[in-house]
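J.: The following block contains the structure, expressed as structure tokens.
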Amino acid sequence: MIPDKAPEDDVFHGAEEMRRGAHVPTFDKFKELYMQSIEDPDKFWGDMAKDFFWKTKHTGRFLDYNFDTTKGDIFIKCMEGASTNICYNVLDRNVQDRKLGDKVAFYWEGNEPGDELTVTYRELLTSVCRFANVLKSQGVKKGDRVAIYMPMVVELVVAMLACARIGAVHSIVFAGFSAESLCDRIVDSQCSLLITADGFYRGDKLINLKLLADEALQKCTDKGFSLERCIVLKHLSKEAQEISLKSPPAKRPCPDLQVPWNPQVDKCWHALMADSSDECEPEWCASEDPLFILYTSGSTGKPKGVLHTVSGYMLYTAATFKLVFDHRPDDIYWCTADIGWITGHSYITYGPLANGATSVLFEGLPTYPDVSRIWEIVDKYHVSKFYTAPTAIRMLMKYGSEPVQKYKRDSLKVLGTVGEPINPEAWHWYFTVVGDGRCPIVDTFWQTETGGHVMTPLPAATPMKPGSATFPFFGVVPAILNESGEELAGTSEGYLVFKQPWPGVMRTVYGNHARFESTYFKKFPGYYVTGDGCRRDKDGYYWITGRIDDMLNVSGHLLSTAEVESALVGHEAVAEAAVVGRPHPVKGESLYCFVTLRDGVKYNRTLEAQLKKQVREKIGAIATPDFIQDAPALPKTRSGKIMRRVLRKIAGGERDLGDISTLADSSVVEQLFQNRCGAGE
Ligand code: PRX
């Protein structure tokens with residue numbers, strides 16, 4: 001399926017019909033606007049800001065910043081002096097000024113086919129106001145942190161926007177994370193309230209979410225932090241039918257649902273909503289007031305609370321959504337990510353709603369009840385813009401084109417990917433089979449930290465190359481540095497950095513500004529360091545080559561090797577652990593763990609199962625090791641540093657180890673090769 005040419009020479013031009021009416025119709029127009037965005041950011045972003053409602057206007061420069069640790073503290077400020085409310089902008093403004101009250105905001109599609117719900121902008125606004133009043137009645141004030149641990153239901157959007165409406169800071173924890181991960185995040189950001197649900201189904205697996213939430217709160221208490229207010233949405237329990245904005249209970253019975261209830265702490269979402277007024281004046285926030293915290297893996301193991309603020313994030317997610325998906329008013333847009341990740345924050349909630357878009361919100365899995373589910377939903381709602389991850393594409397690709405071609409998909413206009421580099425084979429399958437060769441693919445490179453897309457094609461304008469995120473978005477100035485911090489020109493490869501901020505970049509690591517400075521700005525003063533490697537080709541296209549720190553990308557999710565290692569070492573049988581990535585055809589990378597056991601302990605299947613469980617419980621199912629190898633010793637340098645480069649080769653079965661002269665004992669390597677796991681895969 002892949003043409004017989006180098007990916008660099010494999011160029012696709014957007015279809016002519018895409019150009020008609022496009023926001024950025026040609027590559028020349030892109031270049032012209034890009035230059036304007038760099039030369040006069042105040043004007044460029046100032047024009048974008050005109051679409052929004054500002055209670056007070058900004059006074060100073062549009063963006064003010066310092067990226068150079070040698071010149072003082074790192075800071076980024078956008079539109080200082082302005083005040084606004086993001087919830088007002090994404091809801092009230094649409095209902096009142098743009099007369100979109102009756103427009104559908106979300107088509108909710110449940111895990112179980114047939115579970116569905118339509119929510120208009122007006123209904124969403126009413127529910128958000130109600131819930132904002134609920135939060136106030138529970139004592140939540142501006143600046144307070146609220147933890148949200150919920151499945152993909154409309155009420156998750158309601159909860160986050162209600163926080164934003166009253167100026168509270170949401171901290172959403174992906175519902176696939178463990179109780180321990182939830183606890184760590186609650187404690188780190190000192191949340192005063194938790195919002196969760198009774199349970200949900202992922203495919204045919206029931207997740208007793210309230211049980212996990214209770215376990216997390218108990219762990220918080222054990223750590224000396226008490227959170228005494230928990231609002232529980234009844235999603236699967238029968239009461240769910242009685243509420244105004246209801247998530248219909250899954251049609252299947254759920255006899256195993258367990259909803260322990262502590263009346264001192266737990267409050268029922270529906271009961272609180274029933275007593276709540278639907279009028280709620282928004283809290284006017286300063287531009288740089290915090291909007292949310294979202295945790296992402298850190299290379300030292302402890303997750304970092306990435307903090308985003310109101311105005312810059314609002315503008316940036318709105319602008320990227322509009323231009324990268326070339327949003328049109330009659331689009332039906334669908335992003336398959338979970339709101340628990342940044343992709344869901346920016347491109348399910350804030351970006352689409354800011355544009356008055358109609359989106360599909362999907363609770364389920366691409367493979368449930370069968371591998372055609374995605375395409376069935378595309379046809380059901382006439383999805384025109386579709387955004388997913390390379391790992392999902394590769395997984396569906398395994399089943400061939402028949403499950404896709406059973407459905408028409410003729411509504412599709414733009415396809416998008418995010419989360420990791422897309423391999424050319426998956427790109428071509430996505431382009432030819434899913435998009436019937438008609439739809440441009442926007443390969444969007446960005447991070448939790450960047451708030452929105454930073455390197456991406458624009459669908460009508462940018463000639464695409466499979467596997468390349470192509471060029472920077474407006475206002476973004478990339479550079480490639482070598483190890484000594486020199487900027488490389490022309491064709492080159494090195495560290496991907498950014499030279500100046502854009503409105504949506506993170507402002508700090510919550511509660512730890514020193515960590516923000518040292519993680520992103522210390523290595524190369526004057527630059528934001530992404531942690532990714534990058535290559536620029538002869539035509540100036542950027543190709544992300546993957547992480548260059550101790551981070552793994554499993555199914556588009558970043559995991560820190562240190563965090564998994566510390567979970568393994570937490571088991572009494574383990575003396576030392578080293579975790580590396582091994583290439584995986586669907587997940588991108590899989591987790592390969594080497595463990596050295598304590599003296600006298602024997603490795604066996606029971607221990608292996610215990611270790612996997614240990615990691616699942618400490619972090620979550622996404623971090624479950626794929627392979628665990630008993631390693632009587634690990635390859636170390638004479639100074640005692642583990643040589644991960646060598647372990648990666650062993651895990652991948654590559655015999656060419658390069659220079660290993662610094663190894664203290666090279667016989668260790670041969671021993672590990674002989675006992676490799678999954679050698680036949
Ligand atoms: O390594 C890059 C990879 O994902 C990392 C960011 O992960 P996270 O903060 O979890 O956010 C994921 C969703 C935005 C990046 O440092 N990455 C993300 N998108 C791409 C990518 N690598 C290559 N191409 C992409 N399109």
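The values are calculated or read from the model by the stated rules, or taken from the named source; none is laboratory data. Remember, predicted model here, so these are calculated numbers, not experimental data. Quick reminder, even Gly has a Cβ in these numbers, built from the backbone with ideal geometry, and neighbours come from all protein chains shown. These area figures cover heavy atoms from the full protein model, side chains too; ligands, DNA and RNA do not enter into them. Shrake-Rupley method; radii C 1.70, N 1.55, O 1.52, S 1.80 Å.
J.: Apply the a/c threshold of 1.5 to the C-alpha gyration tensor of the chain and tell me whether it is rounded, prolate or oblate.
T.: Here the chain falls in the rounded category.
J.: Okay, moving on. 222 nm [θ] for the chain, helices only, -39500 (n - 2.57) per DSSP H run of 4+, per residue, to 500?
T.: That calculation yields -7500 deg cm²/dmol at 222 nm.
J.: Place a +1 charge on the Cβ of each Lys and Arg in segment 530-668 and a -1 charge on the Cβ of each Asp and Glu, then give the dipole magnitude about the Cα centre in debye, rounded to the nearest 20.
T.: The calculated dipole for segment 530-668 is roughly 120 debye.
J.: Can you compute 3J(HN,Hα) from phi for each residue in segment 334-346, using the Karplus curve 6.51 cos²θ - 1.76 cosθ + 1.60 with θ = phi - 60°, rounded to whole Hz and x for Gly and Pro?
T.: The phi angles translate into 9, 10, 8, 5, 9, 5, x, 10, 4, 4, x, 4, 7 Hz.
J.: Using a 1.4 angstrom probe, figure out how much accessible area segment 165-234 has per residue, in square angstrom, rounded to the nearest whole. Numbers along the way, then the final one.
T.: Values: 2080 Å² over 70 residues.
The answer is 30 Å² per residue.
J.: Could you derive backbone 3J(HN,Hα) for segment 140-153 from the dihedral phi with the Karplus parameters 6.51, -1.76 and 1.60 (θ = phi - 60°), listing whole Hz in sequence and x where the residue is Gly or Pro?
T.: In residue order, the calculated couplings are 6, 10, 3, x, 5, 9, 10, 8, 10, 9, 9, x, 7, 10 Hz.
J.: Now for a separate question. Explain nothing, just the number: dipole magnitude of the chain about its Cα centre with +1 on each Lys and Arg Cβ and -1 on each Asp and Glu Cβ, in debye rounded to the nearest 20.
T.: About 380 debye.
J.: While we're here: Would segment 273-356 count as rounded, prolate or oblate if I go by the C-alpha gyration tensor, calling it rounded below 1.5 in a/c and otherwise prolate when a/b exceeds b/c, oblate otherwise?
T.: Oblate shape, in that a/c is at least 1.5 and b/c is the bigger or equal ratio.
J.: When the accessible area of segment 74-216 is split by element with a 1.4 Å probe, what percent falls to carbon and sulfur?
T.: Of the solvent-accessible surface of segment 74-216, carbon and sulfur hold 46 percent.
J.: Just flag the trypsin sites (Lys or Arg not before Pro) in segment 553-617 sitting in loop per DSSP whose Cβ has no more than 14 other Cβ atoms within 10 Å.
T.: Qualifying residues, ordered by number: ARG598, LYS602.
J.: Ignoring ligands, DNA and RNA, what percent of the 1.4 Å accessible area of segment 436-591 is carbon and sulfur?
T.: Working: 2270 of 4560 Å².
Using a 1.4 Å probe with all protein chains present, segment 436-591 comes out at 50 percent carbon and sulfur.
J.: Heavy atoms only, probe 1.4 angstrom, no DNA, RNA or ligands counted: give me ARG61, ARG645, ARG165 ranked by accessible area, highest first. It would help to have the intermediate numbers written out before the result.
T.: On the way: ARG61 140, ARG645 100, ARG165 5 Å².
From most accessible down to least: ARG61, ARG645, ARG165.
J.: Starting from the Cα gyration tensor of segment 17-158, take the square roots of the eigenvalues, sort them a ≥ b ≥ c, and report rounded, prolate or oblate (rounded when a/c is under 1.5, otherwise prolate if a/b is larger than b/c, else oblate).
T.: Oblate is the answer for segment 17-158, as a/c is 1.5 or above yet b/c matches or exceeds a/b.
J.: Now for a different question. Long-range amide H contacts for GLY143: which residues qualify at under 5 Å (H placed 1.01 Å from N, peptide plane, sequence gap of 5 or more or a different chain)?
T.: Correct list: ALA168, VAL169.
J.: Ordered by packing density, taken as the mean number of other Cβ atoms within 10 Å over each peptide's residues, highest first, how do 467-474, 369-376, 666-673 rank? Present the calculation step by step, with values, prior to reporting the outcome.
T.: Values: 467-474: 23.6, 369-376: 18.1, 666-673: 15.2.
Top to bottom by mean Cβ count within 10 Å: 467-474, 369-376, 666-673.
J.: Each residue of segment 610-621 in order: what ³J(HN,Hα) in whole Hz does its phi give by Karplus 6.51 cos²θ - 1.76 cosθ + 1.60, θ = phi - 60°, with x for Gly and Pro?
T.: With coefficients 6.51, -1.76 and 1.60, one gets 5, 5, 4, 5, 4, 5, 4, 6, 6, 10, x, 4 Hz.
J.: Taking only protein heavy atoms and a 1.4 Å probe, what accessible area per residue, in Å², does segment 541-681 have with all protein chains in place? Could the numbers behind the result be given before it?
T.: Working: 6580 Å² over 141 residues.
Here the residues of segment 541-681 average 47 Å² of exposed surface.
J.: If you don't mind, there's one more thing I want to ask. Structure shown: which of LYS99/LYS465; LYS304/LYS465; LYS77/LYS322; LYS77/LYS523; LYS141/LYS322; LYS103/LYS413 lie over 30 Å apart, alpha-carbon to alpha-carbon?
T.: LYS99/LYS465; LYS304/LYS465; LYS141/LYS322
J.: Largest first, how would ASP659, ASP266 line up by accessible area (1.4 Å probe)?
T.: Of ASP659, ASP266, the descending order of accessible area is ASP659, ASP266.
J.: Using per-residue counts of other Cβ atoms within 10 Å, averaged over each peptide, order 404-414, 424-434 from highest down.
T.: Those peptides, ordered most packed to least, come out 424-434, 404-414.
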